[in-house]
Every structure is written in structure tokens, then in C-alpha cells.
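J.: I'd like to ask you about the structure that follows.
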Amino acid sequence: MTTVLAPSAKSASVWNIRALFLCEAVVLTSIFPRFPDLKEMLALDHAQLGLSLLGLPLGTLLSLVLAGGLVDRLGTRKASLIGISLVAISMILPTLAVSMMALFVALFVVGLSLALIEIGMNVDADRVEKWASKPIMSSCHGFWSVGALIGTGLGALCAGIGISPLQQILIISPIFGIAGILIIQLRTPIPVPPPSAQLAPTFALPTRALLGVAVFAVGLQMSEGAAFDWSGIYMKEVVGANATFIGMAYFSFTLPMAIGRFFGDHFRTVLGPVRLARITTLIGCLGLLILGLTETAIGSIVAWGLVGLGASMAFPLAVTAAAERDDRPAAVNVASVFLVAFTAFVIGPPLIGFVSKLVGLQNGLMALLPFCILGYFLAPSLKPK
């Protein structure tokens with residue numbers, strides 16, 4: 001029997017999934033402003049920190065290979081419950097690291113926990129979008145960006161007032177992790193499409209038809225990862241900024257990203273996904289170029305803002321295009337896009353770390369430009385099929 005959702009139930013489902021995106025982002029991102037502290041506490045150089053940061057994407061990559069089919073079998077609700085619980089618990093591990101290898105392993109475990117919640121809530125966002133008959137994918141990622149603002153803001157605040165990374169995580173993760181669990185439990189059941197006649201594949205690898213969609217977002221995803229992992233270090237070592245400006249770098253990146261995503265559903269309707277993708281890609285490229293040329297605090301803040309605005313639509317556009325394909329279950333196609341996106345995260349941290357060790361951090365960030373330019377030329381793959 002087909003369930004018909006009342007308008008009030010549909011609206012509640014929209015706000016429920018948006019709130020889940022926000023809570024997951026707070027849990028994940030509050031640690032990012034503390035990377036300079038962890039780098040200093042563990043006496044790591046750029047290359048060592050880059051290798052340590054590989055743990056997060058590598059763990060996520062391993063879980064993404066299997067998570068698409070697993071989410072399809074578990075159901076998105078159960079997968080999201082398990083995922084948000086595991087992420088909230090595992091966030092304590094990086095704060096307990098005593099060496100480069102320990103930090104790598106801790107972030108690897110966090111990465112293993114991420115796939116279930118990321119795939120589950122993105123597939124649910126696509127389902128709610130269809131049943132509510134309104135585009136919401138971009139605004140859901142906008143709420144993720146608001147959550148990132150809150151998370152990085154809380155992290156920067158804790159750093160500024162002398163709260164240790166461990167104490168910070170012991171406060172923030174339980175609060176927002178439990179909130180995420182309650183949000184999932186309170187969600188109005190939404191209609192689920194009938195199971196695909198085709199058995200979900202065990203390994204969620206992108207098909208040839210989906211490869212352009214997945215690779216489109218690589219450059220801007222690398223830029224987003226660079227902002228979270230390296231912007232604080234950039235502001236401290238290239239600009240010579242204090243703790244306040246380091247926090248402002250995260251804020252200046254995440255605020256334009258959130259704004260871009262909140263307006264993204266409207267602009268996707270007006271401009272179409274291809275034109276919107278090309279415009280935002282060029283904005284991101286401009287931000288990276290400025291970061292490679294300026295050493296002033298104000299110029300850097302503006303540049304991080306442009307990178308944030310440029311990166312704002314890449315992943316929502318790719319996820320929507322993947323979920324709308326009907327060749328495989330949506331969870332599997334979304335997992336495929338996540339797999340390639342997190343491959344970008346694997347490439348990004350060490351690329352920036354190693355290049356910066358040779359020719360400086362500014363040139364390390366500019367090494368991301370060719371990947372963004374490639375995304376510009378792959379934008380036509382986002383056309384609805």
C-alpha cells in the first residue's frame with residue numbers, strides 16, 4: 001500500500017532531515033580547529049600531519065566500498081542510527097593520540113564510522129525531496145554547513161579559552177550525538193521505493209556512466225578538505241595570525257558555503273545544474289588563486305570565503321545526480337559518489353603536505369587548481385538523465 005504523507009508530515013520530514021545534517025556536522029567538525037594544537041602537541045611537521053590526516057579518508061574509503069549495499073539491506077533509518085552513534089563515540093580517539101601513527105589510527109576509526117550516517121541521511125534527503133515535491137538537497141547540505149560553523153566555532157572558542165581537545169570532545173560529541181539519535185527516532189516514516197529487482201552489489205564502485213558525476217566534485221571536495229585541515233595552519237604560518245584570525249578563517253569558509261547551499265536549490269532550478277556547477281567552480285578557483293598570492297589576513301579571509309562559496313554546490317549537485325539514476329539502488333550510487341569524493345580527501349592532505357614541504361604551503365594549496373579546472377569541464381555530466 002502506498003502511504004500518502006500529509007503536508008504537515010512532509011514539512012516535518014524536511015526539517016527533521018535538515019536537523020540531522022546539522023548535528024552530524026557539529027560532531028565531526030569540532031575537532032578541525034584543534035589540528036594546529038594536535039600538530040604542536042605531537043611535534044609534527046607538515047608532511048607528518050598530512051600523513052596522519054590520511055587516516056580519516058582512508059577509513060571512510062574502506063567503509064564506503066561496502067556501505068552502499070549494507071545501507072540498502074539495513075535500511076537508511078537503522079544505518080543512520082548506527083552511524084551517528086559510532087561517529088560520536090569515536091571522536092574521542094584523536095584527542096588521545098600520542099604519536100603520528102596513533103593520530104592516523106584514531107582518524108582511521110572515525111572514517112570507518114562515517115559511511116553509514118553519510119549515505120543514510122543523503123539517500124533519505126533525496127527521498128524526502130521527491131515526496132515533498134520541493135528541492136531540498138542543497139539546503140540539507142546548507143544545514144550541514146551551519147553545523148560545521150557551530151562545530152568549528154565551538155572548537156575555536158574552546159581553543160581560545162584553554163579547554164583541551166579531550167575536554168572539548170567529551171562535552172560536544174555526547175550532546176549532538178544524542179540529539180542526532182533522537183532526531184532519527186522522531187522522524188515521520190517516509191515512503192520507501194520498492195526494492196530493486198537487481199541485487200545491490202557488494203562493492204559500491206562507480207559505473208562508467210556515473211564516473212563523470214563522481215569525478216566532477218573531486219577538486220572542490222579537495223578544496224573543502226583543505227579548508228578544514230589546513231586553513232588554521234595557513235593562517236598561523238603563512239599569515240602569522242593569532243588564534244582569533246585562525247578561527248575566522250574557518251568561519252569565513254563555512255559561512256559562504258552555508259549561504260551558497262541555502263540558495264543552491266533555487267539557483268539549481270533557475271540556472272540548471274550544469275551552469276550552476278561551472279559558475280561555482282570558477283569562484284572556487286579564484287579563491288585558491290588568491291590564497292597562493294596573498295599573505296595578508298584580510299585577503300586570506302576573503303579567499304577562504306570564495307573557496308567556501310565555490311565548493312558549496314559541488315557535492316549536493318553530484319549526490320542529486322547520482323541518486324536520480326535508476327540503474328542501481330540510490331544508496332549504491334550515492335556511495336559511489338562518496339567513494340570518489342573521499343578518494344579526493346585521500347589525495348588532498350598528503351598532496352598539500354608534501355608540496356608545501358618542497359615549495360611552501362601557498363603553492364601546496366594552488367596544486368588543487370588543476371583538479372578544480374577538470375571539474376569545470378565535467379559539469380555536463382550532471383544533466384538529468
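J.: Quick check on the range 103-161: take the gyration tensor over C-alpha atoms, sort the square-rooted eigenvalues as a ≥ b ≥ c, and tell me if it's rounded (a/c under 1.5), prolate or oblate. Could the numbers behind the result be given before it?
T.: Numbers: a/c = 5.35, a/b = 1.53, b/c = 3.49.
Oblate is the answer for the range 103-161, as a/c is 1.5 or above yet b/c matches or exceeds a/b.
J.: Of the options Val307, Asn122, Val98, report the single residue whose Cα projects farthest towards the positive end of the charge dipole of the chain (beta-carbon charges: Lys, Arg +1; Asp, Glu -1).
T.: Ranked along the dipole, the leading option is Asn122.
J.: Separate question: What percentage of the solvent-accessible surface of the chain, computed with a 1.4 Å probe over protein heavy atoms, is contributed by carbon and sulfur atoms? Could you put the intermediate results ahead of the total?
T.: Values: 10670 of 14820 Å².
The computed percentage sits at 72.
J.: Students sometimes get this wrong: rank His141, His266 by accessible area, probe 1.4 Å, all chains present, largest first.
T.: His266, His141
J.: OK, next. In nm, give the distance between the simple-model label positions of Leu166 and Phe263, each being 7 Å from the Cα along the Cα-to-Cβ direction.
T.: Modelled inter-label distance: 4.5 nm.
J.: At a temperature of 20 °C and a viscosity of 1.002 mPa s, determine how fast the range 29-90 diffuses translationally according to Stokes-Einstein, using the Kirkwood radius over alpha-carbon pairs as Rh; express D in µm²/s, rounded to the nearest whole number. The partial results should precede the final answer.
T.: Details: Rh = 13.8 Å.
Approximately 156 µm²/s, per Stokes-Einstein.
J.: Would you please state which residues of the range 135-169 a label at Glu40 would reach in this model, taking the label point 7 Å out along Cα→Cβ and a backbone N cut-off of under 14 Å?
T.: Residues passing the 14 Å test: 156-165.
J.: Under 5 Å between amide H atoms, partner at least 5 residues away or on a different chain: which partners does Ser99 have, H built in plane at 1.01 Å?
T.: none
J.: Would you please classify the overall shape of the range 64-103 from the alpha carbon gyration tensor, given that a ≥ b ≥ c denote the square roots of the eigenvalues, rounded means a/c under 1.5, and beyond that prolate means a/b larger than b/c while oblate covers the rest?
T.: Because a/c hits 1.5 or more and a/b fails to exceed b/c, the range 64-103 counts as oblate.
J.: Tabulate in residue order the Karplus-calculated ³J(HN,Hα) for the range 139-145, using 6.51 cos²θ - 1.76 cosθ + 1.60 with θ = phi - 60°, rounded to whole Hz; enter x for Gly and Pro.
T.: 5, 4, 6, x, 5, 4, 5
J.: Using the beta-carbon distance between Gln185 and Ser133 and R0 = 25 Å, what value does 1/(1 + (r/R0)^6) give for FRET efficiency, to the nearest 0.05?
T.: Here the calculated transfer efficiency is 0.45.
J.: Still on this structure: Using +1 on the beta carbon of Lys and Arg, -1 on that of Asp and Glu, and nothing else charged, what's the dipole of the range 38-139 about the Cα centre, debye to 20?
T.: Working: 7 positive and 7 negative charges, 71 e Å.
Roughly 340 debye, rounded to the nearest 20.
J.: I would also like to ask the following. Evaluate the charge dipole of the chain about its Cα centre and quote only its size in Debye, nearest 20, assuming +1 on the Cβ of each Lys and Arg and -1 on the Cβ of each Asp and Glu.
T.: 860 debye
J.: Moving on. Over what distance in Å are the Cα centres of the range 45-62 and the range 275-353 separated?
T.: If you average the Cα positions of each part, the centres end up 18 Å apart.
J.: On to the next question. What list of ³J(HN,Hα) values in whole Hz, one per residue of the range 260-274 in order, does the Karplus curve 6.51 cos²θ - 1.76 cosθ + 1.60 (θ = phi - 60°) give from phi, with Gly and Pro shown as x?
T.: x, 6, 5, 8, x, 4, 5, 5, 5, 6, 6, 8, x, x, 6
J.: Can you pull the one-decimal nm distance between simple spin-label points at Val105 and Leu66, each 7 Å off the Cα toward Cβ?
T.: Result for the modelled spin labels: 2.0 nm.
J.: Still on this model: Of Lys39, Lys357, Lys134, which has the most accessible area and how do the rest follow, probe 1.4 Å? Before the final figure, lay out each step's value.
T.: Working: Lys39 30, Lys357 130, Lys134 90 Å².
In descending accessible area the options line up as Lys357, Lys134, Lys39.
J.: Can you give the Rg and Dmax of the chain based on its C-alpha atoms, in angstrom?
T.: 19.4, 63
J.: Rg and Dmax of the range 228-385 over Cα atoms: what are they, in angstrom?
T.: When restricted to the Cα atoms of the range 228-385, Rg and Dmax are 16.4, 51 Å.
J.: Let me ask something else. Would you calculate, for the chain, the mean residue ellipticity at 222 nm contributed by helices, counting each DSSP H stretch of 4 or more residues as -39,500 (n - 2.57) and dividing by all residues, to the nearest 500?
T.: -26500 deg cm²/dmol
J.: Along the range 306-315, what does the Karplus equation 6.51 cos²θ - 1.76 cosθ + 1.60 (θ = phi - 60°) give for ³J(HN,Hα), rounded to whole Hz, x for Gly and Pro?
T.: Rounded to whole hertz, the list is 5, 4, x, 5, x, 7, 4, 9, 4, 6.
J.: Accessible area per residue for the chain in Å², computed with a 1.4 Å probe and the full protein assembly in place, what is it?
T.: 38 Å²
J.: With every protein chain present, what accessible area does Leu157 have (1.4 Å probe, heavy atoms only), rounded to the nearest 10 Å²?
T.: Probe radius 1.4 Å; accessible area of Leu157 about 100 Å².
J.: Any chance you could run the full-extension gain for Leu271 through Leu358? It's 0.36 nm times the residue separation minus the Cα-Cα distance, nm to one decimal.
T.: On the way: separation 87, 0.36 × 87 = 31.32 nm, distance 4.14 nm.
Computed gain between Leu271 and Leu358 is 27.2 nm.
J.: Still on this structure, I have one more. Which whole number of Å³ per residue matches the convex hull of the alpha-carbon atoms in the range 1-107? All intermediate terms of the calculation are to be shown ahead of the outcome.
T.: Working: hull volume 11.7 nm³, N = 107.
Output value, Cα hull per residue: 109 Å³.
J.: Next question. Excluding residues on the same chain fewer than 8 positions from Lys10, give the lysines whose Cα lies under 17 Å from its Cα.
T.: Output for Lys10: Lys130, Lys134.
The values are calculated or read from the model by the stated rules, or taken from the named source; none is laboratory data. From a predicted model like this one, the values you see are computed outputs, not experimental measurements. FYI the Cβ positions are ideal-geometry reconstructions off the backbone, even for glycines, and counts take in every protein chain you see. We work out accessible area using only protein heavy atoms, side chains counted, and drop any ligands, DNA or RNA first. Shrake-Rupley method; radii C 1.70, N 1.55, O 1.52, S 1.80 Å.
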